[in-house]
Amino acid sequence: MKKLLAIAFLFALVLGFASCKKDHTCTCSALGISADTTLKDMTKKDAKETCEGMSASAFGIDVTCKLK
């Protein structure tokens, strides 16, 4: 019974850290110029979606964004 409780506790602890919100850095580059943007209080999954969503293309110029 104690082992089962210990395993359940560790599982809950891992899930808690996996979904914690923190600041992430998104780097966007175009024409050889790079700029960093801080995405505040986001899960890694949400930060990645937001960062990659900032990628764009206009007038033959591609802006590529990736999460650091």
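When a/c reaches 1.5 or more, the comparison of a/b and b/c decides; with that in mind, is the range 21-67 rounded, prolate or oblate per its Cα gyration tensor?
On the way: a/c = 3.89, a/b = 2.08, b/c = 1.87.
Prolate.
Net charge near C28, counting Lys/Arg +1 and Asp/Glu -1 over other residues with Cβ under 12 Å of its Cβ?
Value of the local net charge: -1.
Please give the net charge around K48, taking every other residue with its beta carbon less than 14 angstrom from that of K48, where Lys and Arg add +1 and Asp and Glu add -1.
Local charge sum for K48: +2.
Every number here is computed from the coordinates shown, using simple stated rules; none is lab data. Keep in mind that what you see is a predicted model, and the values were worked out from it rather than measured. Positions of Cβ are generated from backbone atoms using ideal geometry, with glycine treated the same way; all protein chains shown enter the neighbour counts.
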